[in-house]
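Nothing in this text is a laboratory measurement; each read-out follows from the coordinates by a stated rule. Treat the numbers as computed from the prediction; the structure is a model and nothing was measured. Neighbour counts run over all protein chains shown; Cβ positions are idealised from the backbone, glycine included.
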Amino acid sequence: MVDMSLDWQATAAVFPGQGSQVVGMGADFAQRYQVARDTFAEADEILGYSLSQICWAGPADSLNQTNHTQPALYVSSMAIWRALREQLPGAKPAWMAGHSLGELSALTAAGALSFDAGLRLVQARGHYMQHAGEQYPGAMAAVLALDTPRVAELCAAASSETGKTVVLANDNCPGQAVVSGEIEAVDRLIELAAEAGARRAVKLAVSIAAHSPLMAAAQAGFLQAVRETTFSPPQVLVIGNVAARPLSSPDDIRQELDQQLTQSVRWTDSMRVIIGAGAQTFIEIGAGSVLTGLLRRIDRSKARINLNTVEAFERFLESQA
């Protein structure tokens, strides 16, 4: 925790994606801050069901359904972001980024999307991804302690041997990659990774093959939702996942989202772009602490702050007084 006022011009805000969800997320903020409570109420009205109750009370099986998980993470992040801006109006990071789904949270926080438009886009994203997973069941696996080029080579080998598809889905940090694809190919990739000396290669608890060609069916429906969405130029520099470059205009954003579901998340590269531009502090806004954990592996010299509970949030506010 910092013990002095941040230099916001050297600070980045990052927003978590799927996998960070936990039953109860956002409930303490809604209890403490009216703006957070209003954010959840607004989301319930837009969606036509009580997302707030799924976030706060579960059950976990419901929260973990992709069509619920993604709006839940987006709304929780936005509730915390709005509370931060209300309590600390000077909180203006110089950069933003979001991991996969979190990219839409970052774009909303940066002013490129209204909350309403962002939530509807997230809802469409989750719906089409879940539907694609039902049509084309797949798998994902985490591979630890192999470098990214080696994991990509093993994906190619597993695909060739099985005649099925597995690709590098996430380059999360040095020594942590995620692969995604058809079940048979993912199973073979796990075997090859173990033979190649991976410390661990294990399937994730998902039934969709995110960031792989199996998401092409989802991409088509999502693209229509993107076309129907109004974007504005971001007021804060947002670094995209696909090309690890700034999304400076509505055209940049559309180009990014056109590829987001089927292309890899280049998180390591995205963080290195922000670090190279001068960021010294990273604030994770939303459930969990996945992204600050990854940052520790990318550059442990940078300060890491999590605003995932009211207790952590208020400690941070006190440090900025």
Semi-axis lengths, Å, the stretch 138-206, gyration tensor of Cα atoms, sqrt of 5 times eigenvalues: 16, 12, 10
Where Lys and Arg each count +1 and Asp and Glu each count -1, what net charge lies around residue 148 among other residues with Cβ under 14 Å from its Cβ? 0
Whole-Å distance linking the alpha carbon centroid of the stretch 92-149 with that of the stretch 31-50 is 21 Å
Out of all DSSP beta bridges with both ends in the chain, state the antiparallel percent to the nearest 5. 50 percent
Table column - 3J(HN,Hα) (Hz), the stretch 225-240, Karplus curve with 6.51, -1.76, 1.60, x for Gly and Pro: 5, 4, 4, 8, 9, 8, 10, 10, x, x, 8, 10, 5, 9, 9, x
Quick check on the chain: helices-only [θ] at 222 nm, where DSSP H runs of length 4 and up contribute -39,500 (n - 2.57) each and the sum goes over total residues. Nearest 500, please. -15500 deg cm²/dmol
Between residue 297 and residue 249, the two model label points (7 Å from Cα along the beta-carbon direction) sit apart by a distance in nm of 3.6 nm
Assign one of three labels to the stretch 188-321, namely rounded, prolate or oblate, based on the Cα gyration tensor with a ≥ b ≥ c the square roots of its eigenvalues; rounded applies when a/c is under 1.5, prolate when it is not and a/b is larger than b/c, and oblate otherwise. oblate
Distance between the C-alpha centers of the stretch 172-198 and the stretch 201-237? Whole Å please. 22 Å
Inter-site label distance for residue 224 and residue 5 at 7 Å from Cα along Cβ, in nm: 5.1 nm
Using modelled backbone amide H atoms (1.01 Å from N, in-plane), which distant-in-sequence or interchain residues come within less than 5 Å of residue 237's amide H? 96
Would you mind giving the average projected area, over all directions, of the Cα convex hull of the chain in nm² with one decimal? 15.0 nm²
Sequence-distant residues sharing a close amide H with residue 200 (under 5 Å, placed H): 144
Quick one: which residues, 5 or more positions from residue 306 or on another chain, have an amide H under 5 Å from its amide H? H modelled 1.01 Å from N in the peptide plane, none for Pro or chain starts. 284
Below 13 angstrom from the Cβ of residue 68, what's the summed charge of the other residues (Lys, Arg +1; Asp, Glu -1)? -1
From phi via Karplus (6.51, -1.76, 1.60), per-residue ³J(HN,Hα) for the stretch 191-205 in Hz, x at Gly/Pro: 5, 5, 5, 4, 5, 7, x, 4, 5, 7, 9, 9, 5, 8, 7
Whole-Hz ³J(HN,Hα) from phi, Karplus 6.51 cos²θ - 1.76 cosθ + 1.60, for the stretch 256-270, glycine and proline x: 4, 5, 4, 10, 4, 6, 9, 9, 5, 8, 8, 5, 4, 5, 4
